[in-house]
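The structure appears below as structure tokens.
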Amino acid sequence: MKYSMAASLLIALTILGVAMDGCHCKVVQFIFGDSLSDVGNNEYLSRSLARANLPWYGIDFGNGLPNGRYTNGRTVADIIGDHMGLPRPPAFLDPTLTEDIIMSNGVNFASGGGGILNETATYFIQRFSLYKQLELFGGVQELIRQKIGPTEAEKFFQQSQYVVAMGSNDFINNYLMPISGDSWTYNDDTFLIYLVGTLRNQLKLLHSLGARQVIVFGLGPMGCIPLQRVLSTSGDCQQKSNNLALKFNQLTSKLVMELSNTLPNASIRFGDAYDVVNDVISNPSKYGFDNADSPCCSFGKIRPALTCVPASRLCKDRSKYMFWDEYHPSDSANVIVAKEMIKKLGFGKVNQAGAPSPQPSLAPSDAPVAAPAPSPNA
């Protein structure tokens, strides 16, 4: 009888995927963000107007086809994760996602156009706000609890790494747009209080869901992206936008320090790359760039073209351009930002096993060239 009961227990534990001495799950990461971190979620939102499903996106990544990333190569999160030995988490909406994949690779909830505020970028029709991403994370947690049990699931989520990288859309695609209700409701100071106060509640919610190791990324000089420059008659950076980014970073840095000191067992850190990005823009040749004010992928003299399109022309050498399109940095720029974060935050290896995916080959591109066929998943 005792043998029978022990055998039954062992079978039950095996079915649940729990070893007798614990889960032994490796460290993975869960990413919450916008188009700077999206790896394909918006590709599965059929009505979304914020999608990176056209050539030339992804030209320097894998097979060169669009893969959901809003750049020619890797995101900052890709590069930092590779450095730390973390697997690249798949998009939450990837139809192949399973509990086993979640425990082996984590999940990326980032969504192009997403913001801290629910009302941000509503004209994109479909996108995941940060509150929606946290809701989806709660659903993922329930799946894992059912898979390995509540105790091991708690350990798994508490040892995982978390990235929160949002905020630029709340300004560029909300507050700074005259048609936005928030632009009429708030001034600069009250909007920042509203925005950072909302982020405070979201970070506390993330902590209540078990997140302990959290990195919150700040904003770069968003007034210097090509889309903002083209709105100026002089082509210069929009200083108002940059000032808002600096103030957001200041308030968010204080918030992160406060929460890290008051929430139980929390390690919440702030990643600020504003200065290095601003230096690249001011001194591009110092970092190996020929251009830091216009996109590599553009539709000739017709600007702003918000996305790359099959008829777009590419710069001759993608590694020499800081910006890939009107909004987003190139792979080369993302490498600089990632290295700055690694240095400032002291990121080291977490998982020793497993090699990172290969870096893209940034061969010079002579425009125009034939566009690759769209990805089957686009």
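Bear in mind that the values in this text are calculations on the coordinates, not laboratory data. This structure is a prediction, so every number in the text was calculated from the model and none was measured. Positions of Cβ are backbone-derived with ideal geometry, glycine not excepted, and every protein chain shown enters the neighbour counts.
Measuring against 19 Å, Cα to Cα, the residue pairs Lys26/Lys204; Lys316/Lys339; Lys132/Lys204; Lys286/Lys339; Lys155/Lys344 contain Lys26/Lys204; Lys316/Lys339; Lys155/Lys344 as the ones spanning a longer distance.
Helices that extend 18 Å or more along their long axis by alpha-carbon positions and average at least -0.5 on the Kyte-Doolittle scale are, among the DSSP H runs of the chain, 2-16, 130-148, 188-208, 239-262, 331-345.
Within the shell defined by Cβ-Cβ distances under 15 Å, the residues around Leu192 carry a net charge of 0, with Lys and Arg each +1 and Asp and Glu each -1.
Computed over the chain, the per-residue total of -39500 (n - 2.57) for DSSP H runs of n ≥ 4 gives a 222 nm mean residue ellipticity of -11500 deg cm²/dmol, rounded to 500. Counting only DSSP beta bridges with both residues in the chain, the antiparallel share comes to about 15 percent.
Going from the residue with the fewest nearby Cβ atoms within 10 Å to the one with the most, Leu195, Leu117 rank Leu117, Leu195. FRET efficiency for the pair Asp290 and Leu231, taken as 1/(1 + (r/R0)^6) with r the Cβ-Cβ distance and R0 = 25 Å, rounds to 0.60.
Ordering of 101-109, 281-289 by packing is 101-109, 281-289, highest average first (other Cβ atoms within 10 Å, averaged per residue). Distant-in-sequence amide contacts of Asn108, defined by a placed amide H-H separation under 5 Å and a gap of 5 or more residues or a different chain, comprise Ile31, Ala91, Phe92. Listed peptides 180-189, 307-316 appear in the order 307-316, 180-189 once ranked by packing, highest mean of other Cβ atoms within 10 Å at the front. When P(r) over Cα pairs in 20 Å bins from 0, in percent is calculated for this entry, the matching label among (i) 27, 51, 20, 2; (ii) 21, 36, 31, 8, 3, 1; (iii) 28, 57, 13, 2, 0 is (iii). The ranking of Ser234, Ser253, Ser111, Ser160 by Cβ neighbour count inside 10 Å, starting from the fewest, reads Ser234, Ser253, Ser160, Ser111.
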